[in-house]
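What follows is a set of notes on a single structure, which appears directly below.
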Amino acid sequence: MFYDQRGLPLTAANEQAVLSYDATINAYLGFQLTTGTHLKEGLAADDNMPMLHILRGYFMKLFAVPALEDKARQCHEATSRAISACGSHQREQLHHRALGRWCDGDWQGANAAWEQILLDHPTDVLAIRLAHFTHFYSGDARRMRDSAARVLPHWDTSVPGYGYIKGLYAFGLEESGDYQAAERWGREAVDDNPSDIWATHAVTHVFEMQERHDEGMAWIDELSKQWTGMNNFTFHLWWHRALFSLEKESYDEVLTLYDTQIRATQTEEYLDMSNAIAMLWRLESRGVDVGDRWEELADLSEQRTQGHLLCFADAHFIMALARAGRTEAIQEMLASLRQAAHRDDTQCQVIARVGVTLAEAIVSFHEGRFDAAFEHLLPARYDVIAIGGSHAQRDLFALVLTEAAVQGKRATDARALLAERIGLKPKNPHAWRRYAEALELAGDATAAKTARQRCSTLLSA
Ligand SMILES: [Fe+2]
């Protein structure tokens, strides 16, 4: 009988495979570049170990790339063969089911299997991490928070990786709006392990939501020293770092971070592309010239007009296509999204609920049809949460709506939306500047003057 590092039974042929399994899980939790190498070592030691095939299938799914879907299914089939040949524990069977459901596009089914595992095996860190992931990309902050809270009492310093659970809980708390508790749990995790980048990220989000830009910049600048050997998730942290600079209107710094960190490597991973697309869009909406930076993002997005494994990513891809004026690809993607809206897998349900509307509004906006963009997006604005991602990421789509109102010269709509915005971001000079413009548009010169003064005061602070 073999056990993993946290005492959970594993079906395996030898100790080496189990050690490699543990190393793979730990590297995955630590966002390490070595994750795939450990997995290969494990499969070389035992190519019939169910959890290794399941893990490989999960990794294929996490990429959310249509080209890897077959490989994920092959992993599911390889697991079936391994289980027939070598037997399995009930927990492993539930993971097998979760992978199968996920391959079928049934996120709720996959999630139910992970949460089922956690009732009996609350230290199954893989189930915890994947449940966290799917809750996140379902826009379900409370499930993210509660899923971690349910297992926390079963963890302490004697269980390897306790800090990672604190970090997951911190992020669930942050996205649920409990910034104080989020910061406490996140800082504790980072104190335990300064290279815990997910916990670092959770605290970064607190700084973002509370407009603590200087603290956020210092936090990332200091902790980035710990990121040697880490994977592309570091680009997302640099995106956050640039977001702090953006709010301080240090646009040259944002562009430098874009070129040297966020998009230093022009990968086709959806998160990397989403970081870049969101940042370019924000820069342009402030009148910053971003040169030809859209082109490579549009080239890559042209290859992603179909598949629809993650609505969050699709909403960004179409933005790149729109900004680069790729008319044919835009029409192809819109048609494909409309078709996908009739399918019944989880992401297609999200596309039906809000994805098509969002994509159409983005395209209308970039064609200069601001009224159409506004009228399309306004009724759907509170459904955008269904695409998942963080509040900070989805703010991009709130900005599309607000800009559609401003640029469409819809005075009272613009004034109302910008009043909301300064309510959320009272220290944001750009929001005040835009608010002043909307007030002028609405004919309220006195209030506009006050808003402009507020903007100047914030900029000179
Ligand atoms: Fe983030």
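Quick notes on this one:
- Each residue, Asp120 and Gln93, gets one label point 7 Å from its Cα in the Cβ direction; the gap between the two is 0.8 nm.
- Solvent-accessible heavy-atom area per residue, rounded to whole Å², over the chain at 1.4 Å: 39
- Residues Asp46, Asp178, sorted by accessible area with the largest first, give Asp178, Asp46 [1.4 Å probe; ligands and nucleic acids excluded].
- Separation of segment 445-461 from segment 81-119 is 56 Å, based on Cα centroids.
- Cubic angstrom per residue, convex hull over Cα atoms of segment 233-297: 68
- The aspartates and glutamates within cross-link reach of Lys40, meaning a Cα-to-Cα straight distance under 13 Å and a gap of 8 or more places when in the same chain, are Asp22.
- Using Cβ point charges alone (K and R +1, D and E -1), the dipole size of the chain about the Cα centre works out to roughly 880 debye.
- Residues Glu284 and Glu215, FRET efficiency given R0 of 30 Å [Cβ-Cβ distance, rounded to 0.05]: 0.65
- Taking the average, over residues, of other Cβ atoms within 10 Å as the packing measure, peptides 288-294, 9-15, 128-134 rank 128-134, 9-15, 288-294 from highest down.
- Subtracting the Cα-Cα distance of Arg338 and Met1 from their residue separation scaled by 0.36 nm leaves 116.2 nm.
- Across the protein chains, with a 1.4 Å probe defining accessible surface, the residues Thr37, Thr446, Thr267 rank Thr446, Thr37, Thr267 from largest area downward.
- Share of carbon and sulfur in the accessible heavy-atom surface of segment 263-408 [1.4 Å probe, %]: 45
- Taking a ≥ b ≥ c as the square roots of the Cα gyration tensor eigenvalues, segment 263-408 comes out rounded, since a/c falls below 1.5.
- Proximity of backbone amide H atoms, modeled 1.01 Å from N, is registered between Phe2 and Leu10, Ala12 at under 5 Å, excluding neighbours fewer than 5 places apart on the same chain.
- Cα gyration tensor shape of segment 68-173, rounded if a/c is under 1.5, else prolate or oblate by comparing a/b with b/c: oblate
- Three-way shape label, segment 355-425, alpha-carbon gyration tensor, a/c 1.5: oblate
- Across the chain, C-alpha contacts under 8 Å between residues 6 or more apart give a mean separation that, scaled by the residue count, equals a relative contact order of 10 percent.
- Taking 18 Å as the straight-line reach from the Cα of Lys427, the lysines in range (excluding those fewer than 8 positions away in the same chain) are Lys248, Lys449.
- Förster radius 56 Å - calculated FRET efficiency between Ala13 and Thr457 (Cβ-Cβ, nearest 0.05): 0.25
- Segment 203-264 and segment 339-371: distance between their alpha carbon centers, rounded to Å: 30
The values are calculated or read from the model by the stated rules, or taken from the named source; none is laboratory data. Nothing here was measured: the structure is a model prediction, and the numbers come from that model. Don't worry about glycine lacking a Cβ; one is built from the backbone with ideal geometry, like all the others, and counts go over all protein chains shown. The area values use the complete protein model at the heavy-atom level, side chains included, leaving out ligands, DNA and RNA. Shrake-Rupley method; radii C 1.70, N 1.55, O 1.52, S 1.80 Å.
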